[in-house]
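Working notes for the structure below.
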Amino acid sequence: QVQLVESGGGLVQPGGSLRLSCAASGSINNINTWGWYRQAPGKEREWVAVITTTSSTNYADSVKGRFTISRGNARNTVYLQMNSLQPEDTAVYYCNADVRTWGASVYRNYWGQGTQVTVSS
């Protein structure tokens with residue numbers, strides 16, 4: 001069983017920064033891509049950022065230039081550095097990974113439990 005565990009959420013004032021972490025554990029053979037998503041109250045879940053096997057990255061227009069997704073030196077870790085945070089960034093942030101387990105020939109998609117980010121004075 002694969003588990004994604006997120007950390008780093010919390011309360012930050014407008015203009016501040018926060019770094020989210022996500023660590024994967026389990027019988028992991030390979031992780032293809034990592035992604036970050038967020039969901040504000042009453043809103044649909046929104047894609048935020050993605051990083052591929054080759055470290056290519058892409059971002060939603062709403063966060064481009066402010067957020068940075070990166071992989072850790074360990075292959076089972078991903079980060080989201082969030083700068084210049086604004087109240088509209090308030091949401092539950094979810095880690096997502098495309099994971100192939102040992103003995104499997106295909107990748108499956110997994111989600112973290114989510115971590116709350118609140119941007120408020």
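The values are calculated or read from the model by the stated rules, or taken from the named source; none is laboratory data. All of these numbers come straight from a predicted model, not from anything done at the bench. With ideal geometry, Cβ positions are generated from the backbone for all residues, glycine too; neighbour counts draw on all protein chains shown. Please note that ligands, DNA and RNA were not included when accessible areas were found on the heavy atoms of the full protein model with its side chains. Shrake-Rupley method; radii C 1.70, N 1.55, O 1.52, S 1.80 Å.
What is the percent carbon and sulfur in the accessible area of the chain, measuring with a 1.4 Å probe over the protein chains and ignoring ligands?
Of all accessible area on the chain, carbon and sulfur atoms account for 46 percent.
Taking loop as defined by DSSP and a crowding limit of 15 other beta carbons within 10 Å, which chymotrypsin sites (Phe, Trp or Tyr not before Pro) in segment 12-121 fit?
Trp102
For the chain, just the Cα atoms, rotate onto the principal axes and tell me the three extents in Å, largest first.
49, 25, 24
Going 7 Å from the Cα of Ala74 along its beta-carbon direction, which residues of segment 105-121 have the amide nitrogen within less than 20 Å of the resulting point?
110-115
Which value, in Å² and to the nearest 10, is the accessible area of Leu18 when all protein chains are kept and the probe is 1.4 Å?
30 Å²
What order do Val50, Val5, Val119 take when sorted by accessible area (1.4 Å probe), most exposed first?
The most accessible residue leads, giving Val5, Val50, Val119.
Pick out, in residue order, every one of the GluC sites (Glu not before Pro) in segment 1-74 that is DSSP loop and has at most 14 other C-beta atoms within 10 Å; say none if there are none.
Listed in order of number, the matching sites are Glu44.
So, for the chain, what is the accessible surface per residue at a probe of 1.4 Å, expressed in square angstrom?
53 Å²
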